[in-house]
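Chemist: Can you keep this structure in mind? I'll have questions shortly.
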Amino acid sequence: MIETKKLLFDNLHNFFGFDQFKGQQEDIITNILSGNDTFVIMPTGAGKSMCYQLPAMMSDGTAIVISPLIALMKNQVDQIRAFGSNDSIAHFLNSSLTKADILKVKNDVLSGDTKLLYIAPESMAKQENLDFLISAQISFVAIDEAHCISEWGHDFRPEYRKIRSVINQIGGKVPIIALTATATPKVQQDIMKNLQMQDATLYKSSFNRPNLYYDIRPKKQVIKEIIKYIKANTGKSGIIYCLSRKKVEEIAEALKLNGIKALPYHAGLEAKERASHQDRFLMEDVDVIVATIAFGMGIDKPDVRFVIHHDMPKSLEGYYQETGRAGRDGGEGNCIAFYAESDIMKLAKFMKDKPVAEKEIGLQILTEVVDYAESAACRRKQILYYFGETFNEAACNNMCDNCRHPKERFEAQEYLQIVIKAVKELNEKFNTEHIINVLLGEDNKSIQDFGHTKIKAYGAGKEQSRKMWESVIRQALLSGFLQKDIENYGLIKITKNGTTYLSNPTSLMFTMNKDYESDESADDEGHTVAAASDTVLFNMLKDLCKQIGKKNNVPPFVVFQEPSLQEMSTHYPISLDELKQISGVGAGKAQKFGAPFVELIKKYVEENDIDRPMDMVVKTAANKSAIKVAIIQNIDRKISLEDIADSKGLSYEQILTEVESIVSSGTKLNLNYYIDEVIDEDRQDEVFDYFRSADSDSIDDALAELGTDDYTREEIQLIRIKFMSELGN
Ligand code: ADP
Ligand code: MG
Ligand code: ZN
């Protein structure tokens, strides 16, 4: 025994260069080396790979590692090869290989050089691979990310369900080790049953991640909130998760526009681009990656400081897994999720067309997310409860929003009794929603069908709100008085504790669920809140416009227009990048005129000790909306404004406004092909000269001076556009 122990440490040291095992690694490895089936549940970052890599090195033959993602396999094989002296030591077998590659893999395995063979479940089931595996010597089979087996997990993959039968076909009694970072008791059972490994030794470590701070915020002005947070944490690494590719692109764009080094990541990008974005994040060339959940499996960046969920995930397991990528080095890890009921509705709607059973499961899993978000109880306690652990919130150390900002508590003794009695009267055969409907004395079909208007509990809680009852039931579950039978439509049952409580009630303090929807009116993404502008600064900026204009021989309004100056004296941009965020200031204008402006503002801010608002105007990608791009392209092709307007469904007035806004933010447009057609040269010159000497860019002033008989408003506006474009840009 002592010898085996020494052998383990020697191998750990010699091959991997580590001197200590992490957590239960040593026991786990000993167990698999003894030929026992092994089930490992450890959180992300705990070092699960070692549990099969090391024993593979120490065994005769080849260990098969089943892993869901091709990218992950390659990554792991590269890592192993980096330790070894010979590339044959680890291989992967999947659809990305050429015929010649496959031949090499097979030769190395058959000759016994290969210790680890990574393979995707669907490749494993292929007949040609089966034949080959039967002839190879297999030391054991490792199933990584084993939660993919269960449809109750967050990442169900049907092909994972075939693994057992494939192993049986390969023949022999090879030991199995299954590993996962997230497994609720339900998923755990599913895995063991499906792999027929009910006798496996189970190693489960606590899922508590004491250094992570959990925070759920109402989803209001979310892009702005995210930008504010990142700007207050400049230089730190972070991940932002969104549910759709479109959102990923949009947010990555908004972050870039606001001077944040960010890149998108989702399955719609080309493999090469995706890999490069991931690398640049790992190499810290960018700070923030905006991603769908396609990003992150197996990512080992130890110093991710924040994980932001722009949208609530579909399951608490997913949430745990994704937040788990923060603070793997034990340092700061802020997990912020933005919650809106409307998002949950959307997710539920997506499930509408799924088969009944799948929909049922999906909705129940989703309900857990809602309960988690809306509850005012300790987040950590709730997460750990979900994974089957009991946790005392006192140990949270204020590392969640609900512990840090506790809500007022209320005496729940009487309410809890009412609930437990109702559950009892309903024979433990109904879910939360129905119980609450009964308590509130609602009248619906199912209450009628079951004759529940006639029971004692009917209307027994109608003095209280629905939210109140939701809060009580939620906390009764968390505190172990009630239990939810998730396999059975989420029916609520009474635990032993619950029964005891009925006969022996004591004082008990609960908190009321949160209300995220109270003032939703503020939910206008990307818009800036009006703030008073600094008139002293505004006047200084106006003077500067005049000076710069004179120097460049153009009127001041060609430099910057008043609304832009107004915004500058509200937001105090002190760099060209920030200046570009002011509306009406494009890259061109910032380059041409910007420097003295930011200099002046910077000096002003310093001298007057001004606290600049952190929330710089958030420039949304919409500023460069598709329509503007289309207009620019069409003008380049010398298409008449009328035709462009027609094709875009705009009025003539509207197209002039669009064109003008393109020009005034600094893009040069050559409209001469069109203007020469509609206004003769002399009249053009007259208006152009007028603007050259005018004090203001007002069209009314121009009309008054030039005469409404001779010129139309549109004509003046057209020349003004030409003027701005030629002189300003
Ligand atoms: P998991 O799969 O559980 O998320 P990994 O297998 O990716 O975790 O391991 C996480 C990190 O822990 C890796 O960087 C790995 O090198 C490191 N690690 C694993 N075992 C040890 C050990 N015994 N000593 C030091 N570091 C270890
Ligand atoms: Mg892993
Ligand atoms: Zn807490």
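Chemist: All but one of (1) out of contact with any helix residue (DSSP H, G or I) (no Cβ under 8 Å at 6 or more places or on another chain); (2) assigned by TED's automatic domain parsing to the domain that holds ILE293; (3) open to solvent by 50 Å² or more (accessible area, probe 1.4 Å) hold for ASN233, so report the exception by its number.
Modeler: Going through the list (1) out of contact with any helix residue (DSSP H, G or I) (no Cβ under 8 Å at 6 or more places or on another chain); (2) assigned by TED's automatic domain parsing to the domain that holds ILE293; (3) open to solvent by 50 Å² or more (accessible area, probe 1.4 Å), ASN233 breaks only (3).
Chemist: Suppose we filter region 508-518 for residues that are open to solvent by 80 Å² or more (accessible area, probe 1.4 Å) and closer than 16 Å to ARG474 by Cα; how many remain?
Modeler: 2
Chemist: How about region 646-662: which of its residues are in contact with an Asp or Glu (Cβ under 9 Å, 6 or more places away or on another chain) and either in a loop (DSSP other than H, G, I, E, B) or surrounded by 18 or more Cβ atoms within 10 Å (Cβ to Cβ) (or both)?
Modeler: LEU650, ILE655, LEU656
Chemist: For region 134-159: of the residues being open to solvent by 30 Å² or more (accessible area, probe 1.4 Å) and within 16 Å of ligand 1 (Cβ to nearest atom), which is nearest to PHE387 (Cα to Cα)?
Modeler: HIS154
Chemist: Can you tell me which residues in region 31-54 are more than 13 Å from ligand 1 (Cβ to nearest atom) and either touching a Leu at 6+ places or on another chain (Cβ under 7 Å) or among the basic types (Lys, Arg) (or both)?
Modeler: Selection gives PHE39 alone.
Chemist: Could you tell me which residue of region 375-411 is most open to solvent (accessible area, probe 1.4 Å), considering only residues that are acidic (Asp, Glu) and either on the phi > 0 side of the Ramachandran plot or more than 9 Å from ligand 3 (Cβ to nearest atom) (or both)?
Modeler: Ranking the qualifying residues of region 375-411, first place goes to GLU408.
Chemist: Being touching a residue at least 40 places away in the same chain (Cβ under 8 Å), within 16 Å of ligand 2 (Cβ to nearest atom) and either of a type in the set (S, T, N, Q) or open to solvent by 10 Å² or more (accessible area, probe 1.4 Å) (or both): is that true of THR38 here?
Modeler: yes
Chemist: Out of the residues in region 681-709 that are under 19 Å from LYS550 (Cα atoms) and among the acidic types (Asp, Glu), which is modelled with the highest pLDDT?
Modeler: Within region 681-709, the match that is modelled with the highest pLDDT is ASP689.
Chemist: Are any residues in region 481-507 assigned to a loop (DSSP other than H, G, I, E, B) and either open to solvent by 80 Å² or more (accessible area, probe 1.4 Å) or at pLDDT below 90 (or both), and if so, which ones?
Modeler: TYR489, GLY490, ASN504
Chemist: Where residues in region 58-73 are modelled with pLDDT under 90 and open to solvent by 10 Å² or more (accessible area, probe 1.4 Å), which of them is nearest to ligand 1 (Cβ to nearest atom)?
Modeler: Selected residue: LEU72.
Chemist: May I ask you to list the residues in region 663-675 that are in a helix (DSSP H, G or I) and under 15 Å from LYS580 (Cβ atoms)?
Modeler: Once the filter is applied, which keeps residues that are in a helix (DSSP H, G or I) and under 15 Å from LYS580 (Cβ atoms), region 663-675 yields only SER664.
Chemist: Residues that are open to solvent by 40 Å² or more (accessible area, probe 1.4 Å) and either of a type outside the set (A, V, I, L, M, F, W, C) or closer than 17 Å to LEU202 by Cβ (or both): does region 48-57 have at least one?
Modeler: No; the residues of region 48-57 include none that is open to solvent by 40 Å² or more (accessible area, probe 1.4 Å) and either of a type outside the set (A, V, I, L, M, F, W, C) or closer than 17 Å to LEU202 by Cβ (or both).
Chemist: Moving to a separate point now. Farther than 21 Å from SER693 by Cβ, open to solvent by 30 Å² or more (accessible area, probe 1.4 Å) and either among the aliphatic types (A, V, I, L, M) or in the same structural domain as ASN258 (by TED's automatic domain parsing) (or both) - does that describe any residue in region 563-584?
Modeler: Checked region 563-584: at least one residue is farther than 21 Å from SER693 by Cβ, open to solvent by 30 Å² or more (accessible area, probe 1.4 Å) and either among the aliphatic types (A, V, I, L, M) or in the same structural domain as ASN258 (by TED's automatic domain parsing) (or both).
Chemist: Quick check: anything in region 186-193 open to solvent by 10 Å² or more (accessible area, probe 1.4 Å), closer than 20 Å to LYS314 by Cβ, within 16 Å of ligand 2 (Cβ to nearest atom) and within 31 Å of the chain's Cα centre (by Cα)?
Modeler: no
Chemist: Taking the criterion of being without any contact (Cβ under 8 Å) to a residue 24 or more places away in the chain, open to solvent by 30 Å² or more (accessible area, probe 1.4 Å) and away from ligand 1 (no atom under 16 Å from the Cβ), would at least one residue in region 208-227 satisfy it?
Modeler: Checked against the condition, which is being without any contact (Cβ under 8 Å) to a residue 24 or more places away in the chain, open to solvent by 30 Å² or more (accessible area, probe 1.4 Å) and away from ligand 1 (no atom under 16 Å from the Cβ), region 208-227 yields no hits at all.
Chemist: Could you please tell me which pairs satisfy a Cβ distance under 6 Å, a separation of 6+ or placement on different chains, a first residue in region 635-650 that is at pLDDT 85 or above, and a second residue that is surrounded by fewer than 14 Cβ atoms within 10 Å (Cβ to Cβ)?
Modeler: Filtered contacts from region 635-650: LYS638/TYR673; ALA645/TYR652.
Chemist: Would you please list the contacts, defined by Cβ atoms under 9 Å and residues six or more apart or on different chains, that run from a residue in region 541-552 that is in the same structural domain as HIS571 (by TED's automatic domain parsing) and surrounded by 15 or more Cβ atoms within 10 Å (Cβ to Cβ) to a residue that is at pLDDT 90 or above and not hydrophobic (A, V, I, L, M, F, W, C)?
Modeler: LEU544/PRO596; ILE548/PRO596
Chemist: Picking from LEU243, LEU263, which residue would you name as being in contact with an Asp or Glu (Cβ under 6 Å, 6 or more places away or on another chain) and among the aliphatic types (A, V, I, L, M)?
Modeler: LEU243
Quick grid of which residues meet (1) within 27 Å of LEU179 (Cα to Cα); (2) touching a His at 6+ places or on another chain (Cβ under 7 Å); (3) open to solvent by 10 Å² or more (accessible area, probe 1.4 Å); (4) assigned by TED's automatic domain parsing to the domain that holds LYS186:
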position: LYS256; (1), (2), (3), (4): no, no, yes, no
position: PHE295; (1), (2), (3), (4): yes, no, no, no
position: MET312; (1), (2), (3), (4): yes, no, no, no
position: ASN334; (1), (2), (3), (4): yes, no, yes, no
position: GLU341; (1), (2), (3), (4): no, no, yes, no
position: LYS349; (1), (2), (3), (4): no, no, yes, no
position: LYS354; (1), (2), (3), (4): no, no, yes, no
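Here's the yes/no breakdown for (1) in contact (Cβ under 8 Å) with a residue 12 or more places away in the chain; (2) surrounded by 21 or more Cβ atoms within 10 Å (Cβ to Cβ); (3) not assigned by TED's automatic domain parsing to the domain that holds GLU322:
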{"residue": "GLY171", "(1), (2), (3)": "yes, no, yes"}
{"residue": "ILE177", "(1), (2), (3)": "yes, yes, yes"}
{"residue": "THR184", "(1), (2), (3)": "yes, yes, yes"}
{"residue": "GLN198", "(1), (2), (3)": "no, no, yes"}
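The values are calculated or read from the model by the stated rules, or taken from the named source; none is laboratory data. None of the values given here were measured: they were computed from a predicted structure. In this analysis, Cβ positions are derived from the backbone assuming ideal geometry, glycine residues included, and neighbour counts consider all displayed protein chains. The protein model used for the area step is the full one, side chains on, heavy atoms only, and it has no ligands, DNA or RNA in it. Shrake-Rupley method; radii C 1.70, N 1.55, O 1.52, S 1.80 Å.
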